[in-house]
Amino acid sequence: MAIDSTAPPLTIEYLKYENLILLECISGSRAYGLATAESDTDIKGVFYLPKSHYFGLHSDYVPQVNNATNDIVYYELGRYIELLLQNNPNMMELLATPAEKILYRHPVMDSFLSEWFISKLCKNTFAGFANSQIKKARGLNKKIVNPMDKEKKSILEFCSVFANNHSIPLANWLKEQPFSQSQIGLVVMPKSTQMYAMYVDADDKLNFSGLIQKPEATQLKLSAIPKGMIPIAYLSFNAHGFSKYCNDYAAYWQWVSDRNEVRYQTTVTHGKQYDAKNMMHTIRLLEMAYDIAITGQVIVERPNRDELLAIKSGASDYDALLMQAEQLTQKIETAFANSALPDYPNTQKTLSTLVTVRDQLYDLPKLLKDRFSDK
C-alpha cells in the first residue's frame, strides 16, 4: 500500500467528506445558555489530519480549519490536546460541552479524560484572560468617552514659543506675527532637548525651510542660518506628546475601522459607554474560574442567565462591574489556594493516549504491515 505524498487543501467540506471530524459542538452563547434572538450559531470541533498530511511530505502542519467568518472552527487533534494541556479556556469549554450541544463525537474522544486536564493552571488562563478583557474594556471605555477628530493634528500644535519672558502656543504666537511659518528658520539649541532658536527671513531672500513643508509632516525642518543673525524667539517641541498622540490617533481609527458596528451602536444606545457584551463574558469567565476551583469542573452552561444578559444589555454601571470583577478575582485567588486540584494537567497520560489514538485512527500496525508486504 503506497502512501500518497500529495496533500489536498484542507477545507471544512473536505474534512466532512473524508470523515475526519472527531468532535463537533455548538459553542459560544448557545452553549453558555446566553443566546438571544440575534445570536449566531458558533461551531467548534476537532479533526485529525489525513494520512497524506500526517505521513507524507507535506511540511506545513495545519492546526485549524475555519470558515471565512471564523464562527465555525475545527482544531487538529494535536493542537486541541496541546491547548488543553495549557488549560486554554476555549478548549476546556469544548472538552466540557453539555451533551445536548454535542452534534457528533467519535468514540476515540472518550479516551481523553477531563480530570487529566482540569488543574490550578485554570486560575491563570480563565481569570487571566478575563482580566485582560477588563483592560481591553477600560481601553474601549476611553475610546468611547474620548473620540478623536478625523482631522489629524499638526506637529505645530505641539510647539510652544518663548518670547517676551513668557510661553505661548505656537499657533497663537504666529497669529500675532506679520510673517508665516514658512519664513522661519530653525536651529537646534546646543545642549538642550527639543529646543530651537527661531530666525525670520522677512524678505524671503534666504530660502529658509520653514517649520514644516507639508501639513502632515512628522518632523520639524531645520535651516542654514547666516552668521550674525539674531533669533527672534525660542521654540519648544513636545516630542513625547506628539508621538503619543500619533500612536493614539492610529489606534483609535484602526479601532473604528475594525469594530463590530452593531455592537458599537448597541453600546451607544444603552449609554453606559462600555462594551457590554465584552463585560458580560468577562464576568462569565471569572465565575467559571471560581466554579473550577470549588467544584473541579468546567461548567459551560451558566446558571445565572438573566444576570449575565442584564450586563449585556447595559443595565450595570461600568465602575460597579469593575468592582464585581475585582471581588471575583480575590475570591478566585483564595479558592485556588485552598483547592485540591493538581498544579498542572497530566501531560504523561495525555501524550501517551494521544499516540495510542493516532495509531487507532491511522490503523498504524496494519499500515506498516502493508508497506513492508509491498516490498
**OP:** Go through I21, I81, A35 and say which Cα lies farthest out towards the positive end of the charge dipole of segment 9-92; charges sit on Cβ, +1 for Lys and Arg, -1 for Asp and Glu.
**Re:** I81
**OP:** Under 1.5 on a/c is rounded, so check that first for segment 155-241, then, if it is not, pick prolate when a/b is larger than b/c and oblate when it is not; a ≥ b ≥ c are the square roots of the alpha carbon gyration tensor eigenvalues.
**Re:** rounded
**OP:** Would you mind working out the magnitude of the charge dipole of the chain relative to its Cα centre, with +1 at each Lys and Arg C-beta and -1 at each Asp and Glu C-beta, to the nearest 20 Debye?
**Re:** 800
**OP:** Give the residue from A127, N238, N165 lying farthest towards the positive end of the charge dipole for the chain; charges sit on Cβ (+1 for Lys and Arg, -1 for Asp and Glu) and the dipole is referred to the Cα centre.
**Re:** N165
Original post:
Among Q330, I155, N304, which residue has its Cα positioned farthest towards the positive end of the charge dipole of the chain, with +1 placed on the Cβ of Lys and Arg, -1 on the Cβ of Asp and Glu, and the dipole taken about the Cα centre?
Top reply: I155
Original post:
Helix 347-362: angle to the longest alpha-carbon principal axis of the chain, degrees 0 to 90, nearest 10?
Top reply: 70
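Provide the convex hull volume over Cα atoms per residue for segment 281-349, in Å³.
93
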**OP:** Please identify, among I118, I212, I311, the residue showing maximal mean-square fluctuation in a Gaussian network model of the chain using a 10 angstrom Cα cutoff.
**Re:** I212
**OP:** Please identify, among Q324, Q213, Q86, the residue showing maximal mean-square fluctuation in a Gaussian network model of the chain using a 10 angstrom Cα cutoff.
**Re:** Q213
**OP:** Using per-residue counts of other Cβ atoms within 10 Å, averaged over each peptide, order 229-237, 87-95 from highest down.
**Re:** 87-95, 229-237
Original post:
Which value in nm describes the separation of the simple spin-label points at S352 and T69, placed 7 Å from the Cα toward the beta carbon?
Top reply: 4.5
**OP:** Treating the angle as unsigned and between 0 and 90°, give the value, to the nearest 10°, between the Cα long axis of helix 364-374 and the longest Cα principal axis of the chain.
**Re:** 80
Original post:
In the structure displayed, which of K150/K244; K191/K227; K150/K312; K120/K312 lie more than 23 Å apart, Cα to Cα?
Top reply: K150/K312; K120/K312
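Mind checking the dipole of segment 31-128: about its Cα centre, +1 per Lys or Arg Cβ, -1 per Asp or Glu Cβ, Debye to the nearest 20? All intermediate terms of the calculation are to be shown ahead of the outcome.
Working: 7 positive and 11 negative charges, 61 e Å.
Rounded to the nearest 20 debye, it is 300 debye.
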**OP:** Kindly state, to the nearest 0.05, the FRET efficiency for Q177 paired with Q324, given R0 = 56 Å and r defined as their beta-carbon distance.
**Re:** 0.50
Subject >> segment 155-241 - charge dipole about Cα centre, Lys and Arg +1 at Cβ, Asp and Glu -1, debye rounded to 20 >> reply: 240
**OP:** DSSP loop (so not H, G, I, E, B), at most 10 other Cβ within 10 Å: list which trypsin sites (Lys or Arg not before Pro) in segment 203-261 pass both filters.
**Re:** K205, K227
**OP:** Pull out the extension gain between I230 and V256, defined as 0.36 nm times the separation in residues minus the alpha carbon to alpha carbon distance; nm, one decimal.
**Re:** 4.6 nm
**OP:** Rank by packing, highest mean first: peptides 336-348, 42-54, with packing defined as the count of other Cβ atoms within 10 Å averaged across residues.
**Re:** 42-54, 336-348
Original post:
Can you give the Rg and Dmax of the chain based on its C-alpha atoms, in angstrom?
Top reply: 30.7, 98
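Since every read-out is calculated from the coordinates, none of them should be taken as a lab result. Keep in mind that what you see is a predicted model, and the values were worked out from it rather than measured. For neighbour counting, all protein chains shown are included, and Cβ atoms are generated from backbone atoms with ideal geometry for every residue, glycine included.
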